[in-house]
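As structure tokens, the structure follows; a few thoughts come after it.
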Amino acid sequence: MPQMLWSTRWQPGSAAGSVEPGAEVVVGVTEFVTHRPWSTFSVGAEGMRLRRTWPGTPGAVGMWLWVDLGPRMNRSGSITVWTSHAHLLGFVARPDHRRIVRAHQGRGTLRSATWTAPFTDRSAVYDSAWRLVSGTEPWPAATR
């Protein structure tokens, strides 16, 4: 099945201007595959709502949302950049994020990957994350 991947433009976060070139950042990539294609729209709409809060999110450097517009239209996710793991975990624990996760629980399969990298520029981060999203590189094995 051919992929037709699309992403939003870079959305800077509250920490976008404070990251020095070469500083280590945390990169997070998520993928949610819905069991039924019509669920993808509600997942995407919730992602766009969270995206609007991004400029005020503590420790958020920036983010992109992405969706696979291919025939099944059931894959979407995010690429996020953080100043620390603690800020990423703080976002995941936010009440609005938890509400969204609970609302879509059982409607699909989620996987994610995180790593640290020097922040030379946002295109380098995007390119490394996009390799996972596009399937050019395999997702890391899940660990507990």
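General remarks:
- Computed lengthening from THR53 to ARG36, 0.36 nm per intervening residue step minus Cα-Cα distance: 3.4 nm
- When each full DSSP H helix of the chain is screened for a Cα extent of at least 18 Å along its own axis and an average Kyte-Doolittle hydropathy of at least 1.6, none passes.
- Full-stretch length increase - GLU20, HIS97 - with 0.36 nm per residue and alpha-carbon distance subtracted: 24.9 nm
- Across the accessible surface of the chain, with the other protein chains kept in place and a 1.4 Å probe, carbon and sulfur atoms take up 58 percent.
- The mean accessible area for residues of region 66-144, using a 1.4 Å probe and ignoring ligands and nucleic acids, is 61 Å² per residue.
- For the chain, the convex hull spanned by the alpha carbon atoms encloses 110 Å³ per residue.
- For ARG99, neighbours were defined as the other residues whose beta-carbon sits under 12 Å from its Cβ, and their charges (Lys and Arg +1, Asp and Glu -1) total +2.
The values are calculated or read from the model by the stated rules, or taken from the named source; none is laboratory data. Remember, it's a predicted structure, so these values are computed and weren't measured experimentally. Counting neighbours? That spans all protein chains shown, and the Cβs are built from the backbone with ideal geometry, glycine included. Please note that ligands, DNA and RNA were not included when accessible areas were found on the heavy atoms of the full protein model with its side chains. Shrake-Rupley method; radii C 1.70, N 1.55, O 1.52, S 1.80 Å.
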